[in-house]
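What follows is a set of notes on a single structure, which appears directly below.
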Amino acid sequence: MTATISVKVEGPVGLDEPEQLLEELGRETGLTWRLETAGQDGALDGSLAAIMVEAVLGGTVGAAVQVAVQRAIENWRGRRLDPPPVTIIVVQPPQAPSPAQDPQPAPRTDGLTPEGS
């Protein structure tokens, strides 16, 4: 099973800051992250309105990875005078129920038996 962990940064971000965030996240988590940018605001410094940094994990997302991501974000934001809001999103695919967990039909109380019985 794979899971996705995303970090969404909203607000002005300088030219080097997305790369710095990628490096910080990679160093803290040991994962490979990819960067998506959106909403160029037209400023001469090339600042962006939003960036999304995402990593795909094999297996479930453990608490240790989430703590490492939070630590990386805090380090990155701590170097800024006016840090933008950051949202961490963890998406795990739904797990298929095991045969022992399959929902069973409720017993009928009206005295009738289901069709085909």
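Bear in mind that the values in this text are calculations on the coordinates, not laboratory data. Bear in mind that the values here come from a model prediction, so they are computed numbers and not experimental data. Cβ coordinates were reconstructed from backbone atoms using ideal geometry, including for glycine residues, and neighbour counts include every protein chain displayed.
Observations, loosely collected:
- Under 13 Å, Cβ to Cβ, from ARG34 - net charge with Lys/Arg +1 and Asp/Glu -1: -3
- Packing order of peptides 11-17, 22-28, highest average first: 22-28, 11-17 (average count of other Cβ atoms within 10 Å over each peptide's residues).
- Placing a pseudo-label 7 Å from each Cα along the Cα-to-Cβ vector at THR2 and VAL56 gives an inter-label distance of 0.2 nm.
- Computed extension length for VAL67-ARG34: 10.0 nm, one decimal, from 0.36 nm per residue of separation with the Cα-Cα distance subtracted.
- Spacing of the two label points (7 Å from each Cα toward its C-beta) at GLU74 and ILE89, in nm: 2.4 nm
- Electrostatic tally near THR2: other residues with Cβ closer than 15 Å to its Cβ, Lys and Arg +1, Asp and Glu -1, net 0.
- Charge tally around GLU54: other residues with Cβ under 10 Å, Lys/Arg +1 each, Asp/Glu -1 each, net +1.
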